[in-house]
Amino acid sequence: MVQLKTHQRVNHFPGSGFITNKVNLAVSGLPHIPKAFRMPAEKAELLAYAKKNPKMMFVQKSNNHRGIKIEKLDALDLGQDGSFVQEFVHNPLLVDGYKFDIGVYTILTSIHPLRVYIFEGDVLFRFCTDKYHPFDAEVQAKYVVGDDYLPTWKVPSLVTYYNDLGFGMKRSFDAWLRAQDKNPNLVWDSVRDTIRRVFQDKETALIQATSHYPSSKNFFEMMRFDFVIDDQLQVHLMEANMSPNLSSAHFKQNRLLYEQVVYNLLSLVGIGRAVHSPSLSSRSKDEEEMQAAIKDVVVFADHCAVNCNSGASACNDPQCQLCLPCFSKEQKENFLQAYLEHQHRGECRRVVPQPILPDQAHKAANMDRLSPENTLMTEWFRGMCLNDKTFCT
């Protein structure tokens, strides 16, 4: 892959395992991930934590994610190398008595600077086949979602929304939640924030992993982040799946979701595009410019014209970094690529850089925590947002 040409794309980022490895993600200590302990290295810490939380239940997992079962600590193999023991979310939100998980399709298009999108056309809901109460740890079908899960269209309270009114899984759930006098925005805002934090936490590792290649722009990645919601509407990230299953052989009704995910993914990363040719390589510079030109990505016209048009010395001013005379070749390419992603995003929505709320259009939030590259990209989106409100979200 070190010989990749500029127009060639690979559907995995080097280092994406830092996110999709279940052990690494579980023990990361990030918000909204149930507390976990790596075995056997953190056995003592687990036992101390369990002693302080005697009512807490735990599950032991490994990267193959098979055979999950709630056990008492003395029944677990705390010497099992490569495994981890994690808190069990004991108070899940239930629909008609059934526990469920939610799969959110997430797309990484760039790591330096960082850009991440989620597919918001729908999400995957999977329900346990047995009702959660009365709880019995010996009956895994009450709390573990298996391959033969209960689909949305067979959950009584969701049937009207999904089957009769034609809503997707996400909008059916949102309507049901509002009928319970609960706000679904609390759930989805937390989902987006959790995904954002995971990528920001693993950003340095991803950059290091791709440093052996001529360019990180040859890569993209689609993952599925799986969440559980508790009865307080707190979200809990359980895992991130590399190369998630997109086969509808088991549930034919999932075909549309999977096709839309793939369609929007390929459009976003520029593989499926409006200008057709035998290769992803543009036929000419004119064709490239027709799709994304400098005029499309320059921002802050008034400021740049007055303060940043006096030669190279002006570029020492941080406020002038987004003016055309100060663009490096790489920065110019980054902005053009980000512009094309925005134009082709379909039902994908950006989570990194963080979307800009209308009352924050005059500034970018949390800029002090970002690397210089991410600060510049976030500020560019703010400038684009001032000109075109679709760039705010």
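The values are calculated or read from the model by the stated rules, or taken from the named source; none is laboratory data. Note that the structure is predicted; figures quoted are calculated from it, not measured. Every residue, glycine as well, gets a Cβ built from its backbone with ideal geometry; the counts of neighbours run over all protein chains shown. With ligands, DNA and RNA removed, areas are computed over all heavy atoms of the protein, side chains included. Shrake-Rupley method; radii C 1.70, N 1.55, O 1.52, S 1.80 Å.
Assorted remarks:
- Residue list for region 40-60, filter: out of contact with any helix residue (DSSP H, G or I) (no Cβ under 8 Å at 6 or more places or on another chain) and either assigned to a loop (DSSP other than H, G, I, E, B) or acidic (D, E) (or both): P40, A41, E42, E45, N53, P54, K55, M57
- Applying a threshold of 7 Å to beta carbon distances and a minimum spacing of six or more residues, or different chains, the list of pairs starting in region 58-86 at a residue that is within 13 Å of L47 (Cβ to Cβ) and ending at one that is acidic (D, E) and at pLDDT 85 or above reads F58/E87.
- Among the residues of region 104-136, the ones that are touching a residue at least 12 places away in the same chain (Cβ under 8 Å), more than 10 Å from the chain's Cα centre (by Cα) and over 19 Å from A205 (Cα atoms) come to 14 in all.
- Restricting region 325-356 to residues that are assigned to a strand (DSSP E or B) and of a type in the set (D, E, K, R), the residue that is nearest to V306 (Cα to Cα): R350
- Flag if V23 is surrounded by 15 or more Cβ atoms within 10 Å (Cβ to Cβ), among the hydrophobic types (A, V, I, L, M, F, W, C) and in a strand (DSSP E or B): no
- The requirement of being within 25 Å of F220 (Cβ to Cβ), modelled with pLDDT of 90 or more and touching a Gly at 6+ places or on another chain (Cβ under 6 Å) is not satisfied by E341.
- Residue match in region 240-257 (condition: farther than 27 Å from A338 by Cβ and open to solvent by less than 20 Å² (accessible area, probe 1.4 Å)): yes
- Residue check, N63 within 14 Å of E239 (Cβ to Cβ) and open to solvent by 50 Å² or more (accessible area, probe 1.4 Å): yes
- Residue match in region 277-300 (condition: modelled with pLDDT of 90 or more, under 28 Å from W188 (Cβ atoms) and hydrophobic (A, V, I, L, M, F, W, C)): no
- Selection status of F58, more than 23 Å from the chain's Cα centre (by Cα) and of a type outside the set (V, I, T): yes
- Where strands (runs of 3 or more DSSP E) fall wholly inside region 82-123, the ranges with 3 or more residues that are at pLDDT 95 or above and under 30 Å from Y339 (Cβ atoms) are 100-111, 114-119.
- Search result, residues across region 236-262 that are assigned to a helix (DSSP H, G or I), free of Cβ contacts under 8 Å to residues at least 24 places away in the same chain and touching a helix residue (DSSP H, G or I) at 6+ places or on another chain (Cβ under 7 Å): none
- Of the criteria (1) touching a Pro at 6+ places or on another chain (Cβ under 8 Å); (2) surrounded by 19 or more Cβ atoms within 10 Å (Cβ to Cβ); (3) not acidic (D, E), which one A314 fails: (2)
- Residue match in region 68-81 (condition: at pLDDT below 85 and of a type in the set (K, R)): yes
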